[in-house]
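The values are calculated or read from the model by the stated rules, or taken from the named source; none is laboratory data. Note that this is a predicted model, so its numbers are computed, not measured. All Cβ positions, even for glycine, are placed from backbone atoms using ideal geometry, and neighbour counts span all protein chains on display.
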Amino acid sequence: MTAGIDFRKIIMTVVMAIFGILFLMPFIWMISASLKIEEEVLTFPIQWIPDTWNAVANYKEVWTGSMPFSLLYWNSIKVTVLTTFTSVFVSCLAAYGFAKINFKGRDVLFIIVLATYMIPPQTLLVTQFLLYRWVGLYDTHAGLVLLNSFSVFGTFMLRQFYLGISNEIIESARMDGAGHFRIFFNIALPLVRPAIATYAILRFIWTWNDFQYPLIFLRSEALYTIQLGVQSFADEHGSVYSLMMAASVSAIVPLLIIFIIGQKHVIEGIQLGGVKG
Amino acid sequence: MEGEVKARSKLAQANQAKVKKKKKRNGDPFSGWQENLSGYLFIAPMFLGTSALVLFPIIASLALSFTDWNFVAGFKNASFVGLENFQALFSNDTFLKSLKNNFIILLAIPITLFVSLSIAVIINKYIYLKDFFKVIFFMPFISSVVAVAVVFRVLFHPSDGPINQLLMNLGINNPPGWISDISYALPSVMLIMIWTSIGFNLIIYLAGLQNIPIELYEAAQIDGASAWYQFTKITIPLVSPTTFLLLITGIISSFKIFDLIIVLTNGGPANSTITPVVYLYQQAFLELKTGYASSVALVMFIIILVITYFQFIGQKKWVNY
């Protein structure tokens, strides 16, 4: 059991690799089917490498057809990037306030904000919908951005990091005459950059994958985000499996790439918060 | 005399308190109205946003659940109906079915926990390329549920789907109809749930496993304990705080499953996969019964509240640290 190569460990790794491939079989099948002509999608035994390649035609139909993914992508990128920025900024401000400023009623306000975390979002949908109809945010991207912008999780997580900054740094800056806004931008923000990166990636992924809010708060097809697009694409082309798979690949793969690049941040963030998107 | 002394000492006390207060103020020179103002400015966006999008809606929802407001009829025609909505709700077969389904779905959680813990232990101790495997098992969790549901709609196709073609080739002549069969639709949903949530549970378990002192395993190894014995007698009891946390998150998130069911089965066939959330969506946004749907929301809110309460007391009682 000392250093060097452990044969039992190698065998276990190989067994696990086989299990891992089986685990990802639905994804492998999805990618393979998206490259085929429709007639060969359901042949058995499964041809993992297509006989007749039809990738270009399939993806061209998905990206430029009646429900063009180029538009869906643009909408999703717009909503996701705006949401991520707003949410990170709002959470950073509130987290700094709750962690580093001594104001009256701070603890009570913090508990009120934390308590809202318990409320399942679906129980709010009906009244949020009425509110949005009333103030004119229904069927707008701005409304969608606002829905995901006030995150208790983000505020709580960033507050933990701000608490880790020693008060002396902040107090000495205040002695020198700096106000809280200058301290926030010049000292505090740079110090919690890793935490911001973690929260930003998580918020990006959650917003990108969000289906429920767009389904309820958007009506015009021109505003559809990618998840909504995949659903209506699947309803429209319900029997053309190769196209459905090309649409699914288009919805999943870019995010997987972001995840693989930022995996350390994602995994750490999930472990830290113990939260499920 | 005595009275005077008392009064004096009182005065002294008051003085002392004043000094203390002053000292405290001097010790922390940054308080007062300026500090308060900047504090409120910093938390204002978060607090106002939460008030408008969470606090106000939950209170409004409470009020609406006692009315018969129908979105199409307009607000003028709404009237107070007392507990009528709740009476209707608990005598509605579809809603009762949806509650029952949600409790059946909970059965998927222990399975997920067991599989995730087993994989976590293997990744933690018995293999190379740990980070690589973490990413592999995490992929379904990070993927769009909508796209996953679309893929499984094809995989689960009763006659032409790859899964049933494989089963038929293995000699099973009457494979289940999966999502188009009333008795298999809910188990199919649960299977996909398990598949997508293993990644999350695994990651949390891996963090939990780091807290178990390695000496315990070394001692067990010296005593000749088998891997299975170590798993059941050391690992399982010592990760119980993590298991409890995951159990609660699992239960709470089971009440939030929406995307998967809407895209995969839309609650069908014959309401066999309907859950309270899906029922709420149908009543509120397809039937437009605003008041009635609000009462569904309120019942769900109370269920989650009760679960969270159990989490609080359970953490103290049942968790083996």
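Report whether or not residue A:43 is surrounded by 12 or more Cβ atoms within 10 Å (Cβ to Cβ) and part of a loop (DSSP other than H, G, I, E, B). For residue A:43, the condition - surrounded by 12 or more Cβ atoms within 10 Å (Cβ to Cβ) and part of a loop (DSSP other than H, G, I, E, B) - is met. If you go through segment B:254-293 one residue at a time, how many are more than 10 Å from every other protein chain (Cβ to nearest Cβ), touching a Phe, Trp or Tyr at 6+ places or on another chain (Cβ under 8 Å) and not in a loop (DSSP other than H, G, I, E, B)? So the answer is 2.
Checking each residue in segment A:131-144 for being in contact with a helix residue (DSSP H, G or I) (Cβ under 7 Å, 6 or more places away or on another chain) and either within 11 Å of chain B (Cβ to nearest Cβ) or at pLDDT below 90 (or both) picks out A:131, A:132, A:137, A:143. Looking at (1) closer than 22 Å to residue A:19 by Cβ; (2) at the interface with chain A (Cβ under 7 Å from one of its Cβ atoms); (3) free of Cβ contacts under 8 Å to residues at least 60 places away in the same chain, which is the only condition residue B:134 fails? Single failed check for residue B:134: (3). The number of residues in segment A:73-102 being free of Cβ contacts under 8 Å to residues at least 40 places away in the same chain and buried (at least 21 other Cβ atoms within 10 Å of the Cβ) comes to 1.
Applying the condition of being free of Cβ contacts under 8 Å to residues at least 40 places away in the same chain and assigned to a helix (DSSP H, G or I) to segment B:139-164 and asking which residue is surrounded by the most Cβ atoms within 10 Å (Cβ to Cβ) yields B:147. Considering only residues in segment B:96-131 that are free of Cβ contacts under 8 Å to residues at least 24 places away in the same chain, out of contact with any Phe, Trp or Tyr (no Cβ under 9 Å at 6 or more places or on another chain) and not in a helix (DSSP H, G or I), the one that is farthest from residue B:199 (Cα to Cα) turns out to be B:128.
Looking only at residues of segment B:223-253 that are among the hydroxyl-bearing types (Ser, Thr, Tyr) and surrounded by fewer than 20 Cβ atoms within 10 Å (Cβ to Cβ), we find that the one that is nearest to residue B:158 (Cα to Cα) is B:253. Of the residues that make up segment A:223-234, is at least one at pLDDT below 85 and assigned by TED's automatic domain parsing to the domain that holds residue A:143? Within segment A:223-234, not a single residue is at pLDDT below 85 and assigned by TED's automatic domain parsing to the domain that holds residue A:143.
Taken together, the criteria exclude residue B:81 from residues that are buried (at least 21 other Cβ atoms within 10 Å of the Cβ) and either in contact (Cβ under 8 Å) with a residue 12 or more places away in the chain or within 14 Å of chain A (Cβ to nearest Cβ) (or both). For segment A:202-224, how many residues are surrounded by 22 or more Cβ atoms within 10 Å (Cβ to Cβ), over 13 Å from the mean Cα position of the chain (by Cα) and under 19 Å from residue A:62 (Cβ atoms)? Residues meeting the conditions: 2.
The residue of segment A:91-123 that is nearest to residue B:280 (Cα to Cα), among those that are assigned to a helix (DSSP H, G or I), more than 25 Å from the chain's Cα centre (by Cα) and within 7 Å of another protein chain (Cβ to nearest Cβ), is A:109. The one condition from (1) surrounded by 14 or more Cβ atoms within 10 Å (Cβ to Cβ); (2) assigned to a helix (DSSP H, G or I) that residue A:139 does not meet is (2).
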